[in-house]
Amino acid sequence: MSLTHSQKMAYERDGFLLVEELLTEAEVEALRVRAHEIGSGKLKHVPPEWLREEPGIQAEEEGGPSGMERLRKLEFLAWYDDVYLSLAKHPKILAVVEELLETRDLKLLADEMFMKPPVHGSAKEYHQDATSWPWLIPQAWVTAWVALDDVTLENGALQMVVGSHKLGMVPADCVDKLETDDILAQEVTVPVNAGGCIFLHSLSLHASAANETQDRRRAHAMRYIPSNSKCLIDLGAIEGYRSDLLLIQGEASNVPYAV
Ligand SMILES: O=C(O)CCC(=O)C(=O)O
């Protein structure tokens, strides 16, 4: 699969690209089953530190939800799980990422399944993915965000600020200042059916609303960087990060400070 000229232009103009029906229904179902096995504790190969609860969720004893219904995110799945490693290496996803980053040499920086549980799935504020890794050079890389459920206006579709990748990096605590410039008014909400994928430029501002429906809304975000990216600090020294990035395809790099 290669992108059409107009798809590439759309990504350059908007800072994101929606590709519908990237995965088959059978592929999506296998991913859902595996996520359920990991999230419910049936499979225990992903360390509990990477299973994150919704912040501020009511304790179970006080009437809050139990088990998987409490989970906000499953992180670093490709590091532990063969099904999610295969997804990170999916030829259709890599074909797009390669074109957008203009290199075959790719590493996975992180992955995160956003579980958005029914009723309790919280909103994600406006942010650029690059601001979570400000020490990484270049700052431009790609997140592939794969919908595992039908994602709608009601259950927390991504709200993309069109063209915001051209702003450069905006400090996370200043994003709300952009409201006065009408920049956030350039937002579009992007519903996508299960199996579709949104490719996001790492400097694109985006958010998602809370899930107030009775059904879960899962999407798996995989963060790809060129292998010769540099990192100015040791990621392994920071809680919640890891320095053992996964070489997904092509050559690892030995430039100074290469990740
Ligand atoms: O899935 C979501 O609700 C948020 C995803 C997101 O913001 C991200 O992948 O950076």
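Here are a few things to note about the model shown:
- The criterion of at least 2 residues that are touching a strand residue (DSSP E or B) at 6+ places or on another chain (Cβ under 6 Å) and either surrounded by fewer than 23 Cβ atoms within 10 Å (Cβ to Cβ) or not hydrophobic (A, V, I, L, M, F, W, C) (or both) is met by the following strands (runs of 3 or more DSSP E) wholly inside segment 188-259: 206-208, 219-226, 246-249.
- Put simply, of 31, 22, 51 the only residue that is of a type in the set (A, V, I, L, M, F, W, C) and either over 20 Å from the mean Cα position of the chain (by Cα) or more than 18 Å from residue 76 (Cβ to Cβ) (or both) is 22.
- Qualifying residue in segment 1-24 (condition: of a type in the set (Asp, Glu) and under 13 Å from residue 148 (Cβ atoms)): no
- Screening residue 2 against (1) within 20 Å of residue 97 (Cα to Cα); (2) among the small types (Gly, Ala, Ser); (3) touching a residue at least 24 places away in the same chain (Cβ under 8 Å); (4) assigned to a helix (DSSP H, G or I) leaves a single unmet condition, (4).
- Residue in segment 150-158 that is surrounded by fewer than 16 Cβ atoms within 10 Å (Cβ to Cβ), closer than 28 Å to residue 71 by Cβ and of a type in the set (S, T, N, Q) present: no
- Residue match in segment 39-62 (condition: crowded, with 20+ Cβ neighbours inside 10 Å and in a helix (DSSP H, G or I)): yes
- If you go through segment 137-154 and keep only what is farther than 12 Å from residue 201 by Cα, within 13 Å of the ligand (Cβ to nearest atom) and either of a type in the set (D, E, K, R) or in contact with a Phe, Trp or Tyr (Cβ under 9 Å, 6 or more places away or on another chain) (or both), you end up with just 149.
- Residue in segment 18-27 that is closer than 18 Å to residue 218 by Cα and among the hydroxyl-bearing types (Ser, Thr, Tyr) present: yes
- Among the residues listed as 124, 107, 92, the single one being closer than 26 Å to residue 157 by Cβ, within 15 Å of the chain's Cα centre (by Cα) and charged (D, E, K, R): 124
- Of all residues in segment 169-185 being in contact (Cβ under 8 Å) with a residue 24 or more places away in the chain and surrounded by 15 or more Cβ atoms within 10 Å (Cβ to Cβ), the one that is nearest to residue 21 (Cα to Cα): 184
- Test: residue in segment 227-236 that is under 30 Å from residue 27 (Cα atoms) and within 18 Å of the chain's Cα centre (by Cα): no
- So residue 125, is it within 14 Å of the ligand (Cβ to nearest atom) and either of a type outside the set (A, V, I, L, M) or assigned to a loop (DSSP other than H, G, I, E, B) (or both): yes
- Selection of segment 135-164 for residues being over 16 Å from the mean Cα position of the chain (by Cα) and over 18 Å from residue 191 (Cβ atoms) yields 135, 136, 137, 138, 163, 164.
- In segment 186-222, the residues that are within 11 Å of the ligand (Cβ to nearest atom), of a type in the set (A, V, I, L, M) and under 12 Å from residue 15 (Cα atoms): 198, 200, 205
- Hits in segment 89-122 (condition: part of a loop (DSSP other than H, G, I, E, B), touching a Leu at 6+ places or on another chain (Cβ under 9 Å) and within 15 Å of the ligand (Cβ to nearest atom)): 115, 117
Values quoted throughout were computed directly from the atomic coordinates according to the rules given, and no laboratory measurement underlies them. Model, not experiment: these values are computed from the prediction. Please note: Cβ atoms are built from the backbone with ideal geometry, for glycine as well, and neighbour counts cover all protein chains shown.
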